[in-house]
Amino acid sequence: MDEQRYHLILTIDGRPFMHGWWRDRAVANRKFRSWVGEYGSLPGAHIVLVDAEAGEALASWP
């Protein structure tokens, strides 16, 4: 399994603000929920969790 399979991206008004990579989906899911709680209320925030291997978004906020 790729060590950087799950990519979490936070953009503010369409601009990259923060990102992280994880190899374990459970960890990536926890980080996604954490980022939604911490950064989801910022104006213009968009958070997406991507499976880079499959090339698909697994979760997004909002």
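Over the chain, what relative contact order in percent results from Cα pairs under 8 Å that are six or more residues apart?
Result for the chain is 36 percent.
Would you mind computing Rg(Cα) / (2.2 N^0.38 Å) for the chain, counting N as its residues?
1.04
Would you mind getting the accessible area per residue of the chain, heavy atoms of the protein chains only, 1.4 Å probe, in Å²?
66
Please compute the net charge surrounding residue 50, taking Lys and Arg as +1 and Asp and Glu as -1 over other residues with Cβ under 10 Å from its Cβ.
Working: positive: 5; negative: 51, 53, 56.
Net charge in that neighbourhood comes out at -2.
Within the chain, list the trypsin sites (Lys or Arg not before Pro) lying in a DSSP loop whose Cβ has at most 13 other Cβ atoms in a 10 Å radius.
Filter output for the chain: 23.
Compute the signed sum of charges (Lys and Arg +1, Asp and Glu -1) over the other residues within less than 11 Å, Cβ to Cβ, of residue 28.
My count for the surroundings of residue 28 gives +4.
Could you order 61, 22, 35 so the one with the most accessible surface comes first? Probe is 1.4 Å. Provide the component values of the computation, followed by the final result.
On the way: 61 105, 22 50, 35 25 Å².
Ranked list, largest accessible area first: 61, 22, 35.
Would you kindly state how much longer the chain becomes between residue 25 and residue 52 on full extension, computed as 0.36 nm times their sequence separation minus their alpha carbon distance, in nm to one decimal?
Working: separation 27, 0.36 × 27 = 9.72 nm, distance 1.14 nm.
Residue separation times 0.36 nm, minus the Cα-Cα distance, leaves 8.6 nm.
Place a +1 charge on the Cβ of each Lys and Arg in the chain and a -1 charge on the Cβ of each Asp and Glu, then give the dipole magnitude about the Cα centre in debye, rounded to the nearest 20.
Values: 7 positive and 8 negative charges, 40 e Å.
Roughly 200 debye for the chain.
The values are calculated or read from the model by the stated rules, or taken from the named source; none is laboratory data. Please read all numbers here as calculations on a predicted model, not as lab measurements. Cβ atoms come from the backbone with ideal geometry, glycine included; neighbour counts cover every protein chain shown. Each accessible area value is taken on the protein alone, full model and side chains, heavy atoms only, with ligands, DNA and RNA left out. Shrake-Rupley method; radii C 1.70, N 1.55, O 1.52, S 1.80 Å.
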